[in-house]
Amino acid sequence: MLVSKIKEEDLNLNIIDKLLFQGLEDTGEDVDCIIVLGSIKAAQYRVPMAVDVYNAGRSSKMMLCGGKLRDFSDGKYTEAEHMYKAVLEFGVAEENIILEKASQNTVENILFALIELQRTLWLNKVRKVLLVTTAYHMRRSLAIARYLFPEHIDIIPCPANDTNTRRENWMNTTVGIQRAKDEAMKVVRYVTNGVIPDFEI
């Protein structure tokens, strides 16, 4: 089934599972940079995953994306700044962290990450990046990145589990179901609006 043909009333458990989660496993490859997309809870769920990859020696560089200013429990920061505090506490070396503090949404996360990659590593020298975001958000993020990044750069997914929208439990709570349905329809809208190419599930 083409994503462009999916209607909201079609969103059963099987279609949501295929659309949001199927085939998005980390391959375990070494990469030139770990790119972590921002959110209100990125420091809680996404940063630990990125740090695990960093500590495993798969990359010496980590980019933290997100310019949206938010009120966190420990103060007002951009998403990238809040993640920066967390990765430093995990022991990541300051000189290995790249901050992207301008983007306001997922598309801009990807576009501005490209600019920072060019400024710090040179795009022509980058061959592989690892994209870290929450599991249910990965399909849309990966599709945007693969559409906007130069063809010579491979983007490898690295899904991080949150509490309510893991592949194995999103269907068990009202919060998980609603979040998964909303994200599924965002993917559909991105396809129908031409933000990302159509694809089969």
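Read-outs throughout are calculated quantities, based only on the coordinates presented, and are distinct from any laboratory measurement. Remember, predicted model here, so these are calculated numbers, not experimental data. Positions of Cβ are backbone-derived with ideal geometry, glycine not excepted, and every protein chain shown enters the neighbour counts.
A few remarks follow.
- Helix 79-89 and the long axis of the chain differ in direction by around 60°, with both axes built from C-alpha atoms.
- Checking the cross-link pairs Lys85/Lys128; Lys41/Lys128; Lys7/Lys125; Lys5/Lys76 against a 31 Å limit on the alpha carbon distance flags Lys7/Lys125; Lys5/Lys76 as lying beyond it.
- Only Cα pairs under 8 Å and 6+ residues apart enter the sum, and on that basis the relative contact order of the stretch 43-201 stands at 19 percent.
- Loop sites in the stretch 1-79: trypsin sites (Lys or Arg not before Pro), DSSP, at most 10 other Cβ within 10 Å: Lys7
- Amide hydrogen neighbours beyond the local backbone of Thr134, cut-off 5 Å, H modeled: Ala160
- For the stretch 173-185, the Karplus equation 6.51 cos²θ - 1.76 cosθ + 1.60, evaluated at θ = phi - 60°, returns couplings of 9, 4, 4, x, 4, 5, 5, 5, 5, 4, 5, 4, 5 Hz by residue, with Gly and Pro reported as x.
- Sorting Cys158, Cys65, Cys33 by the number of Cβ atoms found within 10 Å of their own Cβ, with the fewest placed first, yields Cys33, Cys158, Cys65.
- Cα→Cβ-extended label distance, 7 Å offset, between Phe199 and Lys41, nm: 2.4
- Chymotrypsin sites (Phe, Trp or Tyr not before Pro) restricted to DSSP loop in the stretch 118-201 with at most 11 other C-beta within 10 Å: Trp122
- Excluding exposed DSSP-loop GluC sites (Glu not before Pro) (at most 12 other C-beta within 10 Å), longest clean stretch of the chain: 30-150
- Two-site label geometry, Leu13 and Asp30: point separation in nm, points 7 Å out along Cα→Cβ: 4.3
- His137, His82, His152 arranged by Cβ crowding within 10 Å, fewest neighbours leading: His152, His137, His82
- Principal-axis tilt of helix 138-148 within the chain, Cα atoms, nearest 10 degrees: 70
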